[in-house]
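Working notes, structure below.
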Amino acid sequence: SWFILTLSNYHLAMSYAMRSLVEDDNRYLKSFRLFLECSSEHQCMQDFIHVILPDILASIGEGKANLNVMGVGSGAGEVDLEMFSELRLKHLAVTVDNQVVEPSAQQLHLYKVLVSQKPNLDYIKFTWNKMTATEFEKDWREKNYTKKMDFIHMIQMLYYVKDPCATVSFYQSLLDKKGKLLIILVSGEDSWHTQNQKYCLCNTESSHSVTTGDIKTYLDSKTVSYQSYELPSQIDITECFTEGDQRGELLLDFLTEVFNFSGTAPAGLKARALELLRHPDCSKEVEGRVIFNNTLGVLVVDPLQ
Ligand SMILES: C[S@@+](CC[C@H](N)C(=O)[O-])C[C@H]1O[C@@H](n2cnc3c(N)ncnc32)[C@H](O)[C@@H]1O
């Protein structure tokens with residue numbers, strides 16, 4: 001995801017010995033679940049969904065009886081369903097067409113299981129697209145679809161597309177007049193990002209270190225209007241510092257976005273990554289635990305006028 005932290009002289013090592021975590025569905029899923037366990041990420045998203053999002057959701061749809069919603073990189077759907085509960089409160093009698101765009105078969109399966117276990121979702125028609133955001137875009141263009149969306153969200157997924165700004169631009173073009181595009185990424189404002197920049201961020205083929213700050217710069221250049229919010233969030237990364245600890249290694253994989261980072265990174269890079277993670281600008285020690293600051297940024301983008 002967002003912590004591709006390496007030094008420029010490790011470029012070669014990166015391309016030869018290390019591969020991107022997201023290419024391994026199994027390990028990616030395992031490390032993401034562990035990350036969620038150790039972080040307050042979903043909690044802070046829930047706070048946003050129940051406090052700020054309701055007014056935003058109330059503004060979409062223009063009184064339509066059926067809303068078109070799309071989740072891009074929805075994962076196992078927990079956050080999506082949380083948002084639907086608020087959407088339903090604001091649009092009581094509405095039905096929803098929900099397009100789920102998610103390349104991981106395992107994540108899609110978990111999402112379907114979750115839907116089957118939740119009562120009262122009959123008003124939503126789910127369409128499952130086992131595709132990346134870019135594949136979906138290609139498909140959409142080829143089929144000349146003209147359907148317009150009332151609400152599109154991409155939560156913690158833009159790291160995995162080749163050109164995040166082009167992706168934002170395409171999905172924004174699908175919005176109906178009163179539609180909204182919700183983007184959540186790591187915030188560009190936090191000190192971790194500053195640290196990373198100082199030490200030279202290097203991207204792999206499959207993931208980038210894009211932040212909401214980068215997307216804002218892009219949107220500003222296009223004079224697109226949007227609202228923005230910051231969500232303070234933390235991760236307990238203590239286990240990353242115990243040599244040979246399996247959970248620590250998995251978490252480190254997620255943070256660096258590298259498959260088996262501990263086993264494949266050159267020793268110097270590994271030491272540097274650990275040093276950065278516990279740098280006082282990024283982490284603090286609380287009762288013997290290392291707590292890493294991971295502030296998220298939220299952008300709510302308006303349609304093109
Ligand atoms: C960090 S998870 C976030 C999942 C969910 N949105 C959440 O916040 O819990 C990133 C998700 O993006 C998906 N993903 C990876 N590459 C993608 C791509 N190119 N297009 C769309 N989704 C992608 C992954 O399979 C994963 O489910």
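The values are calculated or read from the model by the stated rules, or taken from the named source; none is laboratory data. As the structure is a computational prediction, the values presented were derived from the model and not from experiment. Using ideal geometry, Cβ is built from the backbone for each residue, glycine included, and neighbour counts are taken over all protein chains shown. Ligands, DNA and RNA are stripped out before the accessible areas are found, and what is left, the full protein with its side chains, is counted by its heavy atoms. Shrake-Rupley method; radii C 1.70, N 1.55, O 1.52, S 1.80 Å.
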Fill in: Chain lengthening between Glu230 and Arg247 when straightened (0.36 nm per residue, less Cα-Cα)
3.3 nm
Item to complete: Using the heavy atoms of the protein chains and a 1.4 angstrom probe, tell me the accessible area per residue for the chain in square angstrom.
Response: 45
Worksheet, complete the sentence: The ³J(HN,Hα) series, computed from each phi in segment 136-148 with the Karplus coefficients 6.51, -1.76 and 1.60 at θ = phi - 60°, rounded to the nearest Hz and given as x for glycine or proline, is 5, 4, 4, 4, 4, 5, 4, 8, 6, 5, 10, 3, 10
Discussion item. In whole Hz and in residue order, list the ³J(HN,Hα) couplings for segment 79-85 that follow from phi through the Karplus curve 6.51 cos²θ - 1.76 cosθ + 1.60, θ = phi - 60°; x for Gly and Pro.
Written reply: 5, 4, 5, 4, 5, 4, 5
Worksheet item: Which FRET efficiency value, to the nearest 0.05, do you get for Glu37 and Arg141 by plugging their Cβ-Cβ distance into 1/(1 + (r/R0)^6) with R0 = 41 Å?
Response: 0.60
Worksheet item: In vacuo Debye scattering of segment 8-301, one point per C-alpha: log10 I(q)/I(0) at q = 0.06, 0.09, 0.10, 0.15 Å⁻¹?
Response: -0.20, -0.45, -0.55, -1.24
Fill in: Pairwise label distance in nanometres, Asp122 with Gln305, each label 7 Å out on the Cα-Cβ vector
4.4
Worksheet item: In nm, what is the difference between 0.36 nm times the number of residues separating Ala93 and Asp55 and their Cα-Cα distance?
Response: 11.9 nm
Item to complete: Could you work out the relative contact order of the chain, using alpha carbon pairs under 8 angstrom and six or more residues apart, expressed as a whole percent?
Response: 29
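Beyond a 24 Å Cα-Cα separation, which of these cross-linked pairs lie in this structure: Lys30/Lys143; Lys125/Lys177; Lys64/Lys130?
Values: Lys30/Lys143 35 Å; Lys125/Lys177 22 Å; Lys64/Lys130 28 Å.
Exceeds cut-off: Lys30/Lys143; Lys64/Lys130.
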Worksheet item: Mind listing the phi-derived Karplus ³J(HN,Hα) values for segment 227-240, rounded to whole Hz, using 6.51, -1.76 and 1.60 with θ = phi - 60°, and x for any glycine or proline?
Response: 10, 9, 9, 10, 10, x, 8, 9, 10, 7, 10, 3, 5, 4
Worksheet item: Hey, quick one: spin label on Ser221, modelled 7 Å out along Cα-Cβ, who in segment 162-183 has an amide N within reach, i.e. under 11 Å?
Response: 165-166
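For Gln46 and Glu285, calculate 0.36 nm times their separation in residues minus their Cα-Cα distance, and state this gained length in nm to one decimal.
83.5 nm
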Fill in: Peptide ranges 152-160, 219-227, 84-92 listed from the most packed, as the mean C-beta count within 10 angstrom indicates
152-160, 84-92, 219-227
Practice prompt. Could you check which residue among Asn144, Asn294, Asn66 shows the biggest mean-square fluctuation in a GNM of the chain with a 10 Å Cα cutoff?
Written response: Asn144
Response to the item:
Amide H neighbours of Lys178 at under 5 Å, excluding residues fewer than 5 places away on the same chain, with H built from the backbone geometry, are Gly61
Worksheet item: Counting only protein heavy atoms, what percent of the accessible surface of the chain is carbon or sulfur at a 1.4 Å probe?
Response: 51
Worksheet item: So what's the net charge close to Glu82: Lys and Arg +1, Asp and Glu -1, counting the other residues with Cβ under 15 Å from its Cβ?
Response: -2
